[in-house]
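The next block holds one structure in the form of structure tokens; read it before the comments.
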Amino acid sequence: MRVLRVWPRWIPRAWPRRVTPGRSHWLAHLVLIAGVATFAFPVYMAIIGSTHDLGTIARGELPLTPGPHAIKNYTQAWTSGEGERVRGTPVRRWMLNSLVMALAIATGKIVISILSAFAVAFFAFPLRMFFFWMIFVTLMLPVEVRIIPTYKVVSDLAMINTYQGLIIPLIASATATLIFRQFFLTVPDEMVDAAKIDGAGPMRFFWSILIPLSSSSAALFVILFIYGWNQYLWPLLITTRSELNTVVIGITKMIGVGDAQTDWQLIMATSVLAMLPPVAVVILMQRWFVKGLTESEK
């Protein structure tokens, strides 16, 4: 039997209309394209400069097309860091220092913040809100404000030129604590009561329920990783040996006092290599990053 599908009379037919992009639609895209080009062009020129020799850059004849010296420049920067006019440290050593610092700072900030937020949100103890507001007040005290006492403490503990000195003073985060606390306050009391009825203790509830629900931790990890990777002032003060410099400090020290003492092709190659880990983290964690920023279901 052939069945005819008939539209009910009480349901109007809604045929899709073809939307014609207006002037504002194209104007918005042009503004976005112009903004992307403004930010991307210096990066493109750094990539192009890393493929040419020093003479081409020094003469101001850098073209817009890649050159034939890419393999030589990147190999030289990665293995030795020594150019025609300066002697440096291999970039792989600087990138290892930056990677250790960024991973430790991002992981440590999340672990400490999520545990402190869990304690403040779910436990009743004396002066609970006082300690929370003390943590919150530290938002007004960035590293630059407390740099002298922090350096004094690190120096007294003999942590100059160590990974501990690079990481520990930057490992706490009041911002992450505030974000996790606000999320934990949205967890319904019924979920907590159900966990108690099932015999789950506080840490079981924390690991089995709160951690899987905390999708914002992925977004925070990306932000905090980039924060740790781009640190400049604190590593500049706490490290005096070249082999413990981060890649940001290393690029600065590769620049001489004048153009005659600068291997620009190695600096540009090092800059391109320094951009790869943050870009890789953003690309690999893009799905969780967007979910952590936009997730509204609790």
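The values are calculated or read from the model by the stated rules, or taken from the named source; none is laboratory data. Keep in mind that what you see is a predicted model, and the values were worked out from it rather than measured. Ideal geometry is used to build each Cβ from the backbone, glycine not excepted, and the neighbour counts take in all protein chains shown.
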Of all residues in the range 218-246 being aromatic (Phe, Trp, Tyr) and over 11 Å from the mean Cα position of the chain (by Cα), the one that is surrounded by the most Cβ atoms within 10 Å (Cβ to Cβ) = Trp234
Given the conditions (1) part of a helix (DSSP H, G or I); (2) aliphatic (A, V, I, L, M); (3) in contact with a Pro (Cβ under 9 Å, 6 or more places away or on another chain), report the number of the one that Val143 does not fulfil.
-> (1)
Would a scan of the range 182-189 turn up a residue that is closer than 18 Å to Phe289 by Cα, buried (at least 19 other Cβ atoms within 10 Å of the Cβ) and in contact with a helix residue (DSSP H, G or I) (Cβ under 9 Å, 6 or more places away or on another chain)?
-> yes
In this structure, does Val6 turn out to be among the β-branched types (Val, Ile, Thr), at pLDDT below 85, more than 30 Å from Ile179 (Cα to Cα) and more than 32 Å from the chain's Cα centre (by Cα)?
-> yes
Selected residue [of a type in the set (Phe, Trp, Tyr), farther than 30 Å from Phe205 by Cα and out of contact with any His (no Cβ under 9 Å at 6 or more places or on another chain)] from Phe118, Phe123, Phe132, Phe39 | Phe39
Tell me which residues, restricted to the range 99-135, are of a type in the set (D, E, K, R) and modelled with pLDDT under 85.
-> Arg128
Consider Ala200 against the criteria (1) surrounded by fewer than 20 Cβ atoms within 10 Å (Cβ to Cβ); (2) part of a helix (DSSP H, G or I): it satisfies all of them except one. Which criterion is unmet?
-> (2)
Would you mind finding the one in Arg204, Arg181 that is in contact (Cβ under 8 Å) with a residue 40 or more places away in the chain, within 30 Å of Gln286 (Cα to Cα) and out of contact with any Phe, Trp or Tyr (no Cβ under 6 Å at 6 or more places or on another chain)?
-> Arg181
Give me a count of the residues in the range 171-181 that are crowded, with 20+ Cβ neighbours inside 10 Å and part of a helix (DSSP H, G or I).
-> 5
Residue that is surrounded by the most Cβ atoms within 10 Å (Cβ to Cβ) [pool: residues in the range 204-217 that are of a type outside the set (D, E, K, R) and over 28 Å from Leu139 (Cα atoms)] = Phe205
